[in-house]
Structures are given as C-alpha cells and as structure tokens.
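S.K.: Here it is, the structure, as structure tokens.
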Amino acid sequence: MAYYGSRHDSSFYSQRTVFFIAIVLLHIGLYFMFKAGLATRVIKMIEPPVQVDVVQETKKLDTPPPPPPPKMEHPPVEIPPPEVTINMPAEAQTTAITNVTTRHVAPPPPPPPRQIIRTAASILRAPPTTDYYPPTSQRLGETGTTIIRLCSAPDGSVEGKPTVARSSGSPRLDEAAVRWGSHVRMRPATEDGKPVQGCVNMGVKFVLQD
C-alpha cells in the first residue's frame, strides 16, 4: 500500500513540472516573437485590409455674421390721471318766476306796520268839584269850566302837576281845577294791553248848587 501512494505522488509532481516549463517556454517564445516583429506580421495577415477614403474638405465660404436682432423699444407707459368726482349740491327746484327782462322792476312795497292797539288814559276815581269850589267865587257867583291836562304814570298815579289847557276866565276857578286834578286816581293808557305813560285833557266844571 505504501509503495503505490509514493508512485502516484511522484507522477503527479512530474506532470506539474512539465506544465510549468511549457508555460515558461511559451512566454519566452512570445517575447522573442514580438521583439523580432513576427507577431506584427501575423496580426497584419489576420486583420482585413483597411479601406481609406479621402474626403476633400470643402472650404467654407466666409459668410457675414447675421445682423443682430432689432432692439425692441418699449413705449413709455402713460398712467392716466385719477378720476376725481366732485359732488355738487343739486340746485333747489323752485317755482318762482325769474326776471328775464332788461327793464327795471321796482321792488315790492314793504308790508304795512303792525297795528298797535292803544287806549287813552281816563279818570278812575275823583273827589267832587264842590270840595275845591272857592268860597269867594261862590259868593260872587263865578261859574265856569276849566280844561286841564293830566298825565298818568303806568301805575295810575298822576305824573307831575296838571296844567291849564284852556282857562275858564277866572283865575280862582283855574287854580281850583288844578288842585282838584292833583288828587284824582287815573286809569293808565295802554299799548297792546300793556300799561304805559299817557296824557289826557279833562274838563273841570264849577257850578252853583241850588
């Protein structure tokens, strides 16, 4: 058994040695073939012939460059002015007739003044005239009527001293009439119902009693 295995191993090693030597010799042969140019000739024999076509290059004519594109000028943008709305007051409609003539038109007359209601002063209370009849005039039989002017205040009192508007012909009777007028109570004058100052003429009569 041992002898058979040893023979087998020696045969195996001898084959490997032969194969290695063959590879080395092949590389050496290829080296010398490349060096001698034999490989180049073999390659030329194997590869097909190369056809070369000579193409004559056409000379390009110098053409002028194309013109530049036109510049597009944008027109200026005009902004319209803003719309302003002014609200005007509407004219009031009227039915009045307007003056379309050139003649002078007189203005209408002014309205009449308002009527003021007036009342005159009057005697409200008075003493009897016999209390002021002069005794001398009674003995002499003097009679007569004296007109005196009386002015009343708004409160009804006599304002100032009465005056003789027309004499009776006797100074004594005139003086007695003035004294009588200073002691009367008057109803004042009025304007639209309001008491005001006013004057009135009053006759004072002196007669003898039977």
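Coordinate-derived values only; no laboratory data. Computed from a predicted structure; not experimentally measured. A quick note on method: Cβ atoms are made from the backbone with ideal geometry, for glycine too, and the neighbour counts reach across all protein chains shown.
S.K.: Net charge near Thr145, counting Lys/Arg +1 and Asp/Glu -1 over other residues with Cβ under 13 Å of its Cβ?
M.R.: Surrounding charge for Thr145 is 0.
S.K.: Give the separation of the Cα centroids, segment 170-192 to segment 110-132, in Å.
M.R.: 13 Å
S.K.: Let me ask something else. Please rank Ser157, Ser170, fewest neighbouring Cβ atoms within 10 Å first, as an exposure proxy.
M.R.: Arranged by neighbour count, lowest to highest, Ser157, Ser170 become Ser157, Ser170.
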